[in-house]
Amino acid sequence: MTTDRSIIPAYRGAYALCLVEGGRPSEAHALLDQEVARGFEHPNTLMLGPNLMLWSEVAGQLGHEPAARLLLPTLAPHTARLEHDGVGTRGSYGHSAGILAATIGDLDSAEEYLGSALRLHERLGAPFFTARSMTELSRVLLRRKRPGDTERAEALLAESLDLAERHGCALVAARVRAMQEGRVGSPSAEF
């Protein structure tokens, strides 16, 4: 058995996300830096979309602007679409584009992308994806701090927590609680 995790490109992003969420961000950062140097090369197969979406989450959680700047132009044209690899989905491309736009500081575009993702997830009746998009949209609104943003973010967080708890989305619920308690300032500080 090989220990080279770079053999299957789609698994590199999944592994990096596991490292971030498992409290090993420096290892994930090293993998992300390697992927940026490669230009996120991946065969144009059904795994391309999920691979780029996984790396988008890693880039967002680490606040990695170079990765976000490389990934956003690839995902932005597809924000009204749902990613599907033939077996499952990671949700709307708009969700990932919103995370990337927030990472580079374009909070207005992040709001637009995440709002689009939220509407798509609601139409589909997908509570996990809906709760995730509500949480990320709340994060953007709390950073932007325009009049009404804080109140809107708090309402979205309350709704996201309720949805996550009712549908067993434990990680989403934990993130929302951390945000509500002021224990996080950025995604990378969460876990």
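Checking the a/c ratio against 1.5 first, then a/b against b/c, what shape does the Cα gyration tensor give for the range 68-177? Cα axes put the range 68-177 in the oblate bin.
For the chain, the square roots of the Cα gyration tensor eigenvalues, ordered a ≥ b ≥ c, give a/c of at least 1.5 with a/b greater than b/c, which places it in the prolate category. Working from Cα pairs under 8 Å separated by at least six residues, relative contact order for the chain is 16 percent. A helix-only calculation puts the chain at -22000 deg cm²/dmol for mean residue ellipticity at 222 nm, using -39500 (n - 2.57) for each DSSP H run of at least four residues, averaged over all residues. Take the alpha-carbon centre of the range 137-159, take the same for the range 166-182, and report the distance between them in whole Å. The range 137-159 and the range 166-182 have Cα centres spaced 15 Å from each other. FRET efficiency for the pair A170 and A30, taken as 1/(1 + (r/R0)^6) with r the Cβ-Cβ distance and R0 = 35 Å, rounds to 0.80. On a 0 to 90° scale, report how tilted helix 9-21 is relative to the longest principal axis of the chain, with both axes built from alpha carbons and the result rounded to the nearest 10. Helix 9-21 sits roughly 50 degrees off the main axis of the chain.
Bear in mind these aren't lab numbers, they're just calculated from the coordinates by the rules spelled out. Just so we're clear, the structure is a prediction, and the values are computed from it rather than from any experiment. Methodologically, a virtual Cβ is constructed for each residue, glycine included, from the backbone with ideal geometry; neighbour enumeration extends over all protein chains shown.
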